[in-house]
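To keep things clear, I will list the structure first and then write my remarks on it.
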Amino acid sequence: SDGGESWSAIEVGKSASGSSLDSAVVDGAFAVVGESLFIGLNDPRGPARGVYRSSDRGASWQPIANGRLTNASVLALGSHGRQVLAWTQSYGVWRRSIDEIVASSPLDEPAPLRPFRMMPNPASSLVDIDVANLAELTVTDALGRRVIVTGASSFDTSTLSNGLYVVVARDRVGAVTSATLLVRH
């Protein structure tokens, strides 16, 4: 994070099957595609081979099942667009779509925020909104002033003047959506 001035080790730990990944020889086999990290293992002395993926910034790793690639000695990994490329010792170069890999794990890449509903609208007091994974909700008036900022899925409009407001919701991955709200007392 500081332009390569300092480095710290990542303790890889264990794979989903419980085998240790720390002792495996990783021959430059690392790639980042989207929000996923990939490591390719080449352990000539043990069972740690193949490609593993982490969707939680390296806290846990899942093997990528891909026929021969599952047990291949991976010498290098790369990415091209939304493809993961693996150069193996015995089986040549393989590629696989990141969309295909994460298709079995719907929680890996959250869906973008969808338009949300506010109830009631028009409002005169408490308003409830329906937004999954809400991080922040901002209400601005017609002059662009932020009049309410909250992380809650409901807010009180009783102190606001009558008029039109813009409600902006931001989720935990940074997706933003907005809707208009009419306040009428």
TODO: Return a yes/no flag: does region 80-93 have any residue that is open to solvent by 40 Å² or more (accessible area, probe 1.4 Å), within 15 Å of R53 (Cα to Cα) and at pLDDT below 75.
DONE: no
Task: Residue tally, condition open to solvent by 80 Å² or more (accessible area, probe 1.4 Å) and either at pLDDT below 90 or among the basic types (K, R) (or both), over region 163-179 - done: 4
Open item on the list: Looking at the structure I just gave you, is V102 among the hydrophobic types (A, V, I, L, M, F, W, C), open to solvent by less than 60 Å² (accessible area, probe 1.4 Å) and modelled with pLDDT of 80 or more?
Closed with: no
Open item on the list: If I go through region 125-135 residue by residue, how many of them are touching a residue at least 24 places away in the same chain (Cβ under 8 Å), of a type outside the set (V, I, T) and under 14 Å from S154 (Cβ atoms)?
Closed with: 4
- [ ] Give L113, L160, L107, L134 a once-over and let me know the one that is modelled with pLDDT under 80 and either within 14 Å of T177 (Cβ to Cβ) or open to solvent by less than 60 Å² (accessible area, probe 1.4 Å) (or both).
- [x] L113
TODO: Give region 137-146 a look and list any residue that's in contact with a Phe, Trp or Tyr (Cβ under 9 Å, 6 or more places away or on another chain) and either in contact (Cβ under 8 Å) with a residue 24 or more places away in the chain or under 10 Å from V183 (Cβ atoms) (or both), or say none.
DONE: L137, V139, T140, D141
- [ ] Mind telling me which of the residues A142, A152 ends up being in a loop (DSSP other than H, G, I, E, B), modelled with pLDDT of 80 or more and open to solvent by 70 Å² or more (accessible area, probe 1.4 Å)?
- [x] A142
Task: Selection from region 116-131 of residues that are more than 30 Å from R53 (Cβ to Cβ), at pLDDT below 90 and open to solvent by less than 30 Å² (accessible area, probe 1.4 Å) - done: F116, M118
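The values are calculated or read from the model by the stated rules, or taken from the named source; none is laboratory data. This structure is a prediction, so every number in the text was calculated from the model and none was measured. Methodologically, a virtual Cβ is constructed for each residue, glycine included, from the backbone with ideal geometry; neighbour enumeration extends over all protein chains shown. These accessible areas exclude ligands, DNA and RNA; they are computed on the full protein's heavy atoms, side chains included. Shrake-Rupley method; radii C 1.70, N 1.55, O 1.52, S 1.80 Å.
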